[in-house]
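A quick write-up on the structure given underneath.
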Amino acid sequence: MTYQPPQPPQYGQQPPQPYQPTSGQPYSAPPQYGQPTSGQPYGAPPPGWTPPQQQQAPRKKRKWPWIVGGIVLAGILGCVGLFTLVLGGTGAALNELDENTKGKNAVAGEMGKPIKDGKFEFTVTGMKCGVPSVGPADFGEKAQGQFCLVDVSVKNVGSSVEVFSDMSQYAYDAAGTEYASDSGAGTWANEDYSTFLESINPGNTVKGKIVFDVPKGTKLTSLVLHESTFTPGVRIPLK
């Protein structure tokens, strides 16, 4: 009689009872539940069985986002500080330019005597007010009020070529009212002084008229002359 091993139970069935040998026959233990036979898995897992979960190693906290954030923050703070410094320096420079323009930093001089500002040496020799127009009758320029023409000589006492501009020159009345020069009228008033607004080489002197268009009846009391808006200027009393 040949031994026939029991068939494996189907999923959900109870495993077979242990084999009881009979007399005269060799004992051969049947395969246990869950062990493979013929190279294939034996049976199906019991109900409710789940494979064990593999425990994952704890993740390390990344440090580089904090490092990058710190660098960016430091850069922002540096830019803010630099921006504040630049604004502060610019504000101080603009304030100084304003004071120069208003003659607050000007050095006192005298009419008829040379006085230096920057690379220029100025000499105011005269003034004439009440002029209604300048230039030719047909092509000249008429004053809104009256023209005051101030005679000035400018000498370059520096070591490089410079250009004199009437746009940096201002006149004042007794109340401190400021009047800017009229460059258009100055062009007509300086027909005979073609070199007045040209470049002045070191050691050379040019002469010309600075023109101011002021209300009728205004009496100019002083003139503030500058090499440029970056220089303090000189204040010359006008007679």
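Here are the numbers for this structure:
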read-out	value
Qualifying residue in the stretch 140-158 (condition: out of contact with any Lys or Arg (no Cβ under 9 Å at 6 or more places or on another chain), of a type in the set (Lys, Arg), on the phi < 0 side of the Ramachandran plot and not in a strand (DSSP E or B))	no
Whichever residue in the stretch 127-150 is among the charged types (D, E, K, R) and out of contact with any Phe, Trp or Tyr (no Cβ under 6 Å at 6 or more places or on another chain) and, among such residues, is farthest from Val211 (Cα to Cα)	Asp138
Single residue of the stretch 187-210 satisfying the filter (outside any loop (DSSP other than H, G, I, E, B) and over 39 Å from the mean Cα position of the chain (by Cα)) that is surrounded by the most Cβ atoms within 10 Å (Cβ to Cβ)	Lys209
Scope the stretch 182-216; condition at pLDDT 95 or above and small (Gly, Ala, Ser); matching residues	Gly203
Answer from Thr218, Thr177 - the residue that is more than 39 Å from the chain's Cα centre (by Cα) and either in contact (Cβ under 8 Å) with a residue 40 or more places away in the chain or within 22 Å of Asn105 (Cβ to Cβ) (or both)	Thr218
Residue in the stretch 154-186 that is nearest to Pro232 (Cα to Cα), counting only those that are of a type in the set (Ser, Thr, Tyr) and buried (at least 17 other Cβ atoms within 10 Å of the Cβ)	Ser168
Residues (within 21 Å of Met111 (Cβ to Cβ) and β-branched (Val, Ile, Thr)) located in the stretch 137-174	Val150, Val152, Val154, Val157
Selection within the stretch 104-124 - modelled with pLDDT of 95 or more and β-branched (Val, Ile, Thr)	Ile115, Thr123, Val124
Residue in the stretch 134-143 that is within 21 Å of Ile115 (Cβ to Cβ), crowded, with 17+ Cβ neighbours inside 10 Å and of a type outside the set (S, T, N, Q) present	no
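The values are calculated or read from the model by the stated rules, or taken from the named source; none is laboratory data. As the structure is a computational prediction, the values presented were derived from the model and not from experiment. Heads up, the Cβs are rebuilt from the backbone with ideal geometry, glycines too, and the neighbour counts pull from every protein chain shown.
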